[in-house]
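Taking it in order: structure first as structure tokens, then the write-up.
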Amino acid sequence: MHAIQVSEHGGPEVLKYVDVPDPRIGPDQLLVDTQAIGINFIDTYIRTGRYPQDVPYIPGAEGTGVVTEVGANVSEFAVGDRVAWAAAPGSYAQKVAVNAAVAIAVPDGVEVAVAASALLQGMTAHYLIESIYKPEPGETVLVHAGAGGVGLILTQLATARGIRVITTVSSDDKETLSRAAGAAEVLRYGDDLANRVRKLTDGVGVAAVYDGVGASTFESSLASLRVRGTLALFGAASGPVPPFDIQRLGPAGSLSVTRPTLAHYIRDRAELTWRAGDVLGAIADGSLNIRIGGTYPLADAERAHRDLEGRKTTGSIVLLP
Ligand code: NDP
């Protein structure tokens with residue numbers, strides 16, 4: 001089969017399109033012919049070596065496809081089923097061995113590119129707003145990178161609940177997308193960001209900041225919070241946040257800061273199917289729109305990573321095998 005392989009950590013150029021043997025499945029796995037593959041920012045952290053990963057390896061964790069073989073212990077799925085997943089290492093490939101425990105049946109009517117890219121970003125938005133800080137209707141929150149994959153989904157989930165969302169973006173086109181997703185106010189990044197957020201909240205600050213940008217936004221995120229506000233630092237698109245003095249959180253308003261990761265919020269099948277069901281259900285009933293901001297042939301994974309890291313993408317992007 002064709003796949004992308006990384007043999008040394010580095011820039012997008014280390015993503016090589018190669019021929020490799022088909023994966024062999026274990027008794028608890030499914031073999032899936034991929035139809036589309038989700039690209040996520042974490043794939044770039046792993047590629048550079050910022051997150052530990054032995055080489056050589058096939059990148060990716062997310063995708064959708066059709067089951068072609070079922071392990072002996074698996075009863076929930078059959079050959080021919082359409083499934084999606086957000087936690088199967090080696091997903092940048094034409095065939096993927098997926099643990100049945102992380103596979104989700106794809107409802108009829110969900111497009112291939114959407115099925116491939118909705119779960120990882122969608123379940124992230126879901127746990128941020130359901131399980132990290134669950135705002136009350138009428139509360140105001142700040143979402144950084146409002147036109148990105150997670151940002152567009154989080155904005156829609158929040159505004160559907162009557163939460164007022166302020167976002168940040170880097171361009172006019174991204175502002176248009178963020179407003180269409182429901183953002184009440186869309187700001188540009190910058191040193192005085194927290195002052196602008198305070199002006200929009202009668203000087204009070206926001207109840208929560210959902211920050212996947214990291215190094216360049218962390219200080220403004222803290223300074224934008226109201227008393228007893230929560231900062232969910234869930235990513236580092238601009239680089240990791242340097243160590244900081246936890247004592248600062250007291251005088252700043254008894255703030256809470258957490259650094260969550262999706263794996264800990266889909267710890268068992270019940271939690272996974274709850275979050276995935278909510279995301280896919282909202283797509284199916286039309287209340288959640290997954291924007292496919294770009295599709296790339298599998299062989300062009302390098303270009304896809306360049307675009308993602310270069311802030312050229314919006315919404316979710318996918319590879320087609
Ligand atoms: P996005 O589609 O949001 O892409 C990243 C966006 O971040 C860019 O489009 C850009 O938007 C913004 N950005 C700001 N500064 C930079 C910079 N210096 N370099 C690159 N981008 C920058 O990606 P995803 O939706 O895939 O992921 C968003 C974040 O969420 C990532 O940090 C990712 O790691 C994190 N994440 C965390 C998870 C978790 O469980 N902890 C799970 C899933 C994702 P703009 O140009 O508008 O600023």
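What aspartates and glutamates does Lys199 reach when the alpha-carbon gap must be under 16 Å and sequence neighbours fewer than 8 apart in one chain are set aside?
Partners found: Glu139, Glu185, Asp191.
What angle do you read, to the nearest 10 degrees and between 0 and 90, between the alpha-carbon axis of helix 269-284 and the longest principal axis of the chain?
So the helix axis and the longest Cα principal axis differ by about 80 degrees.
Using +1 at the Cβ of each Lys and Arg and -1 at the Cβ of each Asp and Glu in the stretch 137-259, identify which of Gly162, Pro243, Leu193 lies farthest towards the dipole's positive end.
Ranked along the dipole, the leading option is Gly162.
Scale the Cα Rg of the stretch 137-259 by the rule-of-thumb value 2.2 N^0.38 Å and send over the ratio, two decimals. Each step should come with its number before you reach the end.
Values: Rg = 13.2 Å, N = 123, 2.2 N^0.38 = 13.7 Å.
Rg over 2.2 N^0.38 Å, computed on Cα atoms: 0.97.
Taking the Cα centre of the chain as origin and charging only Cβ (+1 Lys, Arg; -1 Asp, Glu), how large is the dipole, in debye to the nearest 20?
About 840 debye.
In Å², and per residue, what accessible area does the stretch 137-259 have when probed at 1.4 Å with the other protein chains present?
Working: 5180 Å² over 123 residues.
Heavy-atom accessible area per residue stands at 42 Å².
If I take every Cα pair under 8 Å that is 6 or more residues apart in the chain, average their sequence separation and divide by the length, what percent do I get for the relative contact order? Before the final figure, lay out each step's value.
Numbers: 718 pairs, mean separation 59.1, N = 321.
Rounded, it is 18 percent for the chain.
Who wins for biggest fluctuation among Gly310, Gly293, Gly63 in a Gaussian network model of the chain, springs between alpha carbons below 10 Å?
Gly310
Would you kindly state the longest site-free stretch of the chain, with sites defined as chymotrypsin sites (Phe, Trp or Tyr not before Pro) in a DSSP loop (not H, G, I, E, B) surrounded by at most 15 other Cβ atoms within 10 Å? Spell out each step's value before the answer.
Values: sites that count: Tyr189, Phe244.
The longest uninterrupted stretch comes out as 1-188.
Could you identify which residue out of Ala61, Ala103, Ala284 has the top mean-square fluctuation in a GNM of the chain using Cα springs shorter than 10 Å?
Ala284
Looking at the chain, what % of its DSSP beta bridges pair antiparallel, to the nearest 5? Before the final figure, lay out each step's value.
On the way: 28 of 53 bridges.
Close to 55 percent.
Hey, in the GNM for the chain with a 10 angstrom Cα cutoff, which one of Val227, Val67, Val186 fluctuates hardest?
Between Val227, Val67, Val186, it is Val227 that shows the largest mean-square fluctuation.
Would you kindly calculate the translational diffusion coefficient of the stretch 1-80, applying Stokes-Einstein with the Kirkwood radius from alpha carbon pairs, for 25 °C and a viscosity of 0.890 mPa s, and quote it in µm² s⁻¹ without decimals? Could you put the intermediate results ahead of the total?
Working: Rh = 14.1 Å.
The calculation lands on 174 µm²/s.
Stick to the Cα atoms of the chain, pair each with every other, and give me the Kirkwood hydrodynamic radius in Å at one decimal.
20.1 Å
Out of the GluC sites (Glu not before Pro) in the stretch 33-119, which ones are loop residues according to DSSP with at most 13 other C-beta atoms within 10 Å?
Within the stretch 33-119, the qualifying GluC sites (Glu not before Pro) (loop, at most 13 other Cβ atoms within 10 Å) are Glu76.
What percentage of the solvent-accessible surface of the stretch 137-259, computed with a 1.4 Å probe over protein heavy atoms, is contributed by carbon and sulfur atoms? Walk me through the intermediate numbers first.
On the way: 2740 of 5180 Å².
That share works out to 53 percent.
Top to bottom by accessible area (1.4 Å), largest first, where do Leu177, Leu119 land?
Leu177, Leu119
So how long is each side of the stretch 46-203 along the principal axes, counting just the alpha-carbon atoms, biggest first, in Å?
Per principal axis, max minus min of the Cα coordinates gives 61, 35, 28 Å.
The values are calculated or read from the model by the stated rules, or taken from the named source; none is laboratory data. Note that the coordinates shown come from a computational prediction; the quantities given were computed from them, not determined experimentally. Using ideal geometry, Cβ is built from the backbone for each residue, glycine included, and neighbour counts are taken over all protein chains shown. Remember, those area values only see protein heavy atoms, side chains included, never the ligands or the DNA or RNA. Shrake-Rupley method; radii C 1.70, N 1.55, O 1.52, S 1.80 Å.
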